[in-house]
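The structure appears right after this line, and notes come after that.
The values are calculated or read from the model by the stated rules, or taken from the named source; none is laboratory data. Quick caveat: nothing in here was measured; it's all calculated off a predicted structure. Ideal geometry is used to build each Cβ from the backbone, glycine not excepted, and the neighbour counts take in all protein chains shown. Just the protein is used for accessible areas: all its heavy atoms, side chains included, with ligands, DNA and RNA removed. Shrake-Rupley method; radii C 1.70, N 1.55, O 1.52, S 1.80 Å.
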Amino acid sequence: MTATDWLSLIIVLVCLLLSAFFAGSETALTASSRASMMRLEKHGNRRAGLVNRLLAQRERLLGALLFGNNAVNIAASALATDVLLTWFGHAGVVYATVVMTIIVVVFAEILPKTAAFNAPDRIALLVARPMNMIVKVLGPVLMAIEALVRWLLKHIGMTVGEDQQVLSAREELRGAVDLLHDEGDVETLDRDM
């Protein structure tokens, strides 16, 4: 194994860690409680304020998460393929595809998303600062991507940004209370109120 191979594998590992960060951040930020974040912000928690600001620009946030995650996954796969091609010849492409698929799905997607889903508020607060920085750094790229996406959707007959709620706010609230009641978190008397 050459020094270049070692460097490539280290970069693959860093890319996989970044992929896990982006996947966990996406789940944590989108699953975090808006009510909790607003309460924490009112009590002076700056990271909760960052979470609220990130969620207020949801399209830009999701663009940064998807851009970052796809970039590091593609880089990791390309470098792993290069190393395995060197080691195993043409069969290295198959090995890289199988190995990277398993590693990315298990360790860079399912594991961080499951962890984030189980503690969304806590993890959202942890990732707020780095995600805010990433959104700022990728701002110009994200604006160009958003413009392209809006243009493409407009040309297939979809207008982004129109309020297309199926349920009214009252119906959504009633549905949330009924769901919590069914899960045993809300007593019958409280639900009826």
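Here are the numbers for the structure shown:
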| item | result |
| --- | --- |
| Rounded, prolate or oblate (a/c below 1.5 giving rounded, otherwise prolate when a/b exceeds b/c) for segment 1-116 by Cα gyration tensor | prolate |
| Computed Kirkwood radius, in angstrom, where 1/r is averaged over Cα pairs of segment 89-139 | 13.3 Å |
| Qualifying GluC sites (Glu not before Pro) for segment 3-111 [loop in DSSP, other Cβ within 10 Å: at most 11] | none |
| Accessible carbon and sulfur surface of segment 45-157 relative to its total accessible area, %, 1.4 Å | 72 percent |
| Computed accessible area, V137, all protein chains, 1.4 angstrom probe, square angstrom | 110 Å² |
| Average silhouette area of segment 1-44, convex hull of alpha-carbon atoms, in square nanometres | 4.2 nm² |
| Heavy-atom surface of segment 1-102, accessible at 1.4 Å and reported per residue (Å²) | 55 Å² |
| Accessible surface ranking that places the most exposed of R39, R34 first, with a 1.4 angstrom probe | R39, R34 |
| Accessible area in the full protein assembly, largest first, 1.4 Å probe, for V104, V141, V94 | V94, V141, V104 |
| Accessible heavy-atom area order of R53, R47, R60, highest first, probe of 1.4 Å | R53, R47, R60 |
